[in-house]
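Please treat every number below as a calculation from the coordinates, not as lab data. Remember, it's a predicted structure, so these values are computed and weren't measured experimentally. We place every Cβ from the backbone using ideal geometry, glycine too, and count neighbours over all the protein chains shown.
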Amino acid sequence: MLAALRQERPGLRVSQDPMDLLACARDASTEGYLERRHGLLPPGPAAVVWPADEEDVRAVVRAAGRARVPLSPLGAASGVVHGTSPGPSWVVLDLKLLDQVALDPARGWVTAGAGVVGERLERALNAQGFSVGHFPSSIYCSTVGGWVAARGAGQLSSRYGKIEDLCVSLRFVDGKGRFLVLNENEQPGLMQSIIGSEGSLGVITAATLRVHPLPSHRALAGFAAPDVATGLSFMRQVMQAGLRPAVFRMYDPTDTLLAGGIPRPSAPPQVQEGCLGRAGLEDDHAAEASVRNASVDLSVGQGWESRLRQAALRVDVQPHLQEWAGWLLARGPWLRRVACSVPSRCLVVLGLEGTRDDVGESLASSLELARNTGAVLLGRGPGERWLTRRYAVTWKMPPLIRAGGWADTLEASAAWSDLPALYADARAATLRHALTLAHFSHAYPEGASIYFTLAGGGGSLEESRRVHRAAVDAALGVFLRHGAALSHHHGVGRMKAGHLSASLGAGAAGALRGLKSALDPHGILNPGVLGLGGGAS
Ligand SMILES: Cc1cc2nc3c(=O)[nH]c(=O)nc-3n(C[C@H](O)[C@H](O)[C@H](O)COP(=O)(O)OP(=O)(O)OC[C@H]3O[C@@H](n4cnc5c(N)ncnc54)[C@H](O)[C@@H]3O)c2cc1C
């Protein structure tokens, strides 16, 4: 296949260098981290190719079809559901050279190549006064094509929508090398089926996404809810009152505790110039430094969790926390019993952005709804802290794994009425296997997503895998029983593939298989994801 391809596209970049193959052999799934932690290097694919344009993509797909060689489309490999796991005879189609960005301010959209990394896209748009409003925590290490392929969500999705809401049109090469342009007016159903197809139906080469002018003002606030049910009621009332906060998240008692607890009330929220989403590493580092350098108040009367957190910042233990957590998790189940039995309230973070007047009005209405539902205002401190640390999660996994622990995240979405029971049942089921914390984010008028973090220890690779799988299956089993979506934004990959048919039902699962046969008749596109077409490596 490679010889024929080189002849047809002489300029195509191809590598069989072992380091290149290793670099594209796994995504950021827990399964991959565990393998590497135990010295098990994945075999890697036969080759990696970097198409420079859509004709290159078509040529690669056609050549793979003729030779029946499986292809694994790759963005930045930040996926967390084992969607990138090429077998030894496979070819990885790395799309990072498709990196053009074209803003059309009059139409209010941007067309971005599949390989554009999120931070680059936002910086390019910010320079011209615009934003897509899609800010996954992985914005520095994920691509536009990956967002669409995984049906992702950014931190501000309550205001701007998920990626499927932002997509105006897609450019796409199917499994026979046919080129398609799908848009929301003419092929809305087909376009929505491609969004979330995780490389199993075709290769996304570019996406046209809605943009909006950068908001001029913002406000941040934190609240303490006495329990999960009260916090959810507050969130539901805000969303159903027609308010559109950009950020709205509630941490369950364990997550609240591990994040430092309920802080002492700080200065009241206020409408300020600026917006929440703007990407910019330097700004984040500067803000983080200012939190670290802030004078530490250990006065009597301050919450003990808050004092502990400030002291930790002072002596700069933050970088080592994950290693300590990993060490503790590896030493037995007692930690999860302790962490989960300490009573605590729930921290709620609210972030608004828009015009000065809009933000002012939404803030006043939200504060009134908080008073009516029993959520206590904590001032703007918790919101400001969230803002400075909103991408910090990206770098936590390796130290935890290195120290012998593991962590994984599972997210489901459900209607407001189902969320309390879904949360309680999934937590009870997973606690048998792992430390479990959760937060509710991505709120909408009809419901919200729950994001569970599971963490465990485990000794050998086999033991870690067994416990990890048991915890994941326990959670997914509860999601299925409650009729909740298996994924809100991470996708299905290979990790959840075994549960997808049950989740979709026989009819929809059959329709998905039909679409696969029509668009990928040779079955060469990322076989195994979404349970389609066999062969995970
Ligand atoms: C620390 C961390 C935080 C995260 N936070 C978020 C978050 O806030 N929100 C969120 O939605 N996700 C989040 N994720 C998950 C991940 O970043 C997203 O799934 C992201 O959309 C993947 O983009 P990628 O470019 O890295 O895709 P990859 O990991 O390279 O690929 C993901 C899947 O899509 C397929 N694919 C990739 N590009 C294409 C293409 N052009 N055409 C067809 N198929 C393709 C791949 O084959 C694979 O199956 C997070 C991950 C990490 C590690």
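Couple of notes before you dig in:
- Scattering from the stretch 74-218 was approximated by placing one identical point on each alpha carbon and applying the Debye formula without solvent; log10 I(q)/I(0) at 0.20, 0.21 1/Å stands at -1.26, -1.38.
- Relative contact order computed over the chain (Cα-Cα under 8 Å; 6+ residues apart), in percent: 18 percent
- Projection of the Cα convex hull of the stretch 438-537, averaged over all directions and equal to a quarter of that hull's surface, yields 8.0 nm².
- Summing +1 for each Lys or Arg and -1 for each Asp or Glu among the other residues whose beta-carbon sits under 11 angstrom from that of Arg494 gives -2.
- Rounded tilt (10° steps) of 461-481 against the dominant C-alpha axis of the chain: 80 degrees
- With the simple spin-label model, which puts each label point 7 Å out from Cα in the Cβ direction, the Met19 to Arg402 separation comes to 2.0 nm.
- Degrees, to the nearest 10: 281-293 long Cα axis against longest axis of the chain: 30 degrees
- Nearest 10 degrees, 0 to 90: helix 419-431 Cα axis against the chain principal axis: 80 degrees
- Scanning residues 5 or more positions from Thr205 or on other chains, those with amide H under 5 Å from its amide H are Arg171, Phe172, Val173, with H placed 1.01 Å from N in the peptide plane.
- Taken along the Cα-to-beta-carbon direction at a fixed 7 Å, the label points for Val181 and Arg389 span 4.7 nm.
- Annotation: extensible slack from Asp53 through His522 equals 166.5 nm (criterion: 0.36 nm per residue apart, minus Cα-Cα distance).
- Note on Ser216 and Gln7: the model spin-label points, each 7 Å out from Cα along the C-beta direction, lie 6.4 nm apart.
- With a Förster radius of 25 Å applied to the beta-carbon distance between Arg371 and Glu273, the computed FRET efficiency rounds to 0.40.
- The stretch 139-205 - Debye-derived log10 I(q)/I(0), Cα point model, q = 0.20, 0.29 Å⁻¹: -0.77, -1.36
- In Å, descending, principal axis extents of the Cα set of the chain: 75, 57, 46
- Debye-formula intensities of the stretch 28-151, expressed as log10 I(q)/I(0) at q = 0.13 Å⁻¹, are -0.61 (one equal scatterer per alpha-carbon, no solvent).
- Cα gyration tensor, the stretch 152-289 - rounded (a/c under 1.5), prolate or oblate: prolate
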